[in-house]
1. Within region 78-90, track down each residue that is loosely packed, with under 15 Cβ neighbours inside 10 Å, touching a residue at least 12 places away in the same chain (Cβ under 8 Å) and not β-branched (Val, Ile, Thr).
2. May I ask you to list the residues in region 54-80 that are outside any helix (DSSP H, G or I) and of a type in the set (Gly, Ala, Ser)?
3. From the set of residues in region 95-144 that are acidic (Asp, Glu) and at pLDDT below 90, which is nearest to Ser38 (Cα to Cα)?
4. Kindly indicate whether Ser13 is modelled with pLDDT under 95, under 21 Å from the mean Cα position of the chain (by Cα) and part of a helix (DSSP H, G or I).
Amino acid sequence: MDTLIIATNFSDSCTNAAKYGVALCGQLGIKEILLFNSYELPITSEVSIADSSHITMLRDRSLEKLGDLQKQLMPLLAADININIIASDISILKSLELFREKSRNGIVITGASRKGRIEKLIMGSTTSSLVRNSPLPLLIIPQDSHFVPINKAVYAVNFKKITTHTPIQTIKAIVRQLNAQILVLNVGHNEGDHLKPDLTKDIYELNNFMENEKPQYYYTENKNIADGILSFSDEQEADLLITVPKDYALFESIFHKSISKVLANKTHLPLLILKENAG
């Protein structure tokens with residue numbers, strides 16, 4: 001990775017994610033940061049959309065807030081990292097597609113907040129859309145997470161669902177740049193199977209892909225997959241969870257429970273979401 005795209009709506013959670021991202025730059029070998037805000041114009045059936053002065057006001061406000069955030073982050077940056085600001089009047093997903101065309105070595109980071117009197121997580125529509133459709137690796141930072149070096153990452157996967165579209169090369173590249181230990185957690189076993197990794201074709205094939213990263217293999221016995229993943233991550237004191245979600249309801253369950261743990265235990269679990277390879 002050489003470019004970090006910080007997607008912000010200027011909320012506290014996004015500002016926290018921006019600071020986390022800046023701190024992570026050294027581990028990822030980031031050379032450039034793009035502070036990005038989409039002030040996408042509302043769609044209307046009226047003949048006249050918004051007058052030019054209103055459009056200019058939206059853009060100027062976005063640029064002003066981006067500039068303020070840039071000033072906050074500058075003292076935290078290494079001298080050799082460039083930080084630039086981009087205010088866009090098109091959707092965040094369309095913007096990320098354009099970024100991907102220019103730089104396939106980018107990663108997006110954003111924050112997710114919590115709301116409500118009972119402090120349950122509310123997945124915003126933008127975050128949910130990013131999770132499902134981001135063309136670049138997406139790192140989501142819970143609002144109360146604070147940066148610690150990523151030394152241990154959990155890759156949660158169902159071995160039976162690994163295909164040629166699984167982005168193993170991307171996972172390898174990120175883990176290698178982080179110089180982190182990777183723990184591969186099988187979430188698709190049948191209770192009582194207790195199969196040794198070297199006896200299963202699925203793990204054997206995965207190990208061939210990741211041999212140089214020296215992964216360690218585990219399985220969860222918890223019938224609730226989300227609980228099993230997070231309990232395992234807590235036990236192993238992991239710093240990052242990596243997923244390639246095919247079941248987005250499961251992802252949102254994991255994320256919800258992760259935030260609940262933040263609220264209850266002051267722990268944190270940043271989530272790296274990867275898309276399957278096209279094919």
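The values are calculated or read from the model by the stated rules, or taken from the named source; none is laboratory data. Predicted, not measured: the structure shown is a model, and the values here were computed from it. Cβ sites come from the backbone with ideal geometry, for glycine too, and all protein chains shown count toward neighbours.
1. Hits for region 78-90 are Ala78, Asp80, Asn82, Asn84, Asp89.
2. Ala78, Ala79
3. That would be Glu101.
4. Yes, satisfied.
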